[in-house]
Amino acid sequence: MKILLKSVFVAMAMLCVAGYAFSATASKEMRPVKIGYVNLEMVFDQYKKTAESRTEFEKERDSQQKEIAKKQEELRKAQESYEKQKDVLKPEEKKKTEEEIQRLQQEFYNFVGAANQKLDEKKNQLIEARLKEIQDAIKEFAIKEKYDFILNAQAILYGPEGTDITEQIVKFLNKDAK
């Protein structure tokens, strides 16, 4: 199903390009259509701000992991203490300690879940910000260099030499990222 949708998307994109090319040739303006394509994954990976975002995310992840380790250690100590004393505890004290350990376990699991969710949100936020910057830079580059179309390389099965402008986009993007 995914391949079929991708094929339909590629076919639609090619029809749009062909239609535009035909209409441009039929109009009074007889300039050739300028088309380029970009490997967005490569642009994303080579964008300087992507590395900065990764560093920011890793700091956040490390901070969360330290908190998780701290809470896990508290839980481990409580369990060890209980195991050492459970044979000498009165039944009501034993029950109270077991309930406390269960509460600590639940808090730990809730904290881990919340931390993971927070990290996922942070990661998505950083990715979306970088992709928006890349998209804006590609648009700016297209206008500056008078491209009619810049396509995603994933939608291109073949492109003539010189139409892959990935490196140009990376340079354009990184010169503004300083």
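The values are calculated or read from the model by the stated rules, or taken from the named source; none is laboratory data. Quick caveat: nothing in here was measured; it's all calculated off a predicted structure. Please note: Cβ atoms are built from the backbone with ideal geometry, for glycine as well, and neighbour counts cover all protein chains shown.
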Exactly one of Q64, Q105 is surrounded by 14 or more Cβ atoms within 10 Å (Cβ to Cβ) and in contact with a helix residue (DSSP H, G or I) (Cβ under 7 Å, 6 or more places away or on another chain), and that residue is Q64
Discussion item. Criterion first (modelled with pLDDT of 85 or more and either touching a Lys or Arg at 6+ places or on another chain (Cβ under 7 Å) or exposed (fewer than 10 other Cβ atoms within 10 Å of the Cβ) (or both)) does K2 satisfy it?
Written reply: no
With criteria (1) loosely packed, with under 15 Cβ neighbours inside 10 Å; (2) assigned to a helix (DSSP H, G or I), D87 comes up short on (2)
Residue in the range 142-159 that is within 22 Å of the chain's Cα centre (by Cα) and exposed (fewer than 13 other Cβ atoms within 10 Å of the Cβ) present = no
Quick check: anything in the range 40-61 at pLDDT 85 or above, surrounded by 11 or more Cβ atoms within 10 Å (Cβ to Cβ) and farther than 26 Å from D136 by Cβ? yes
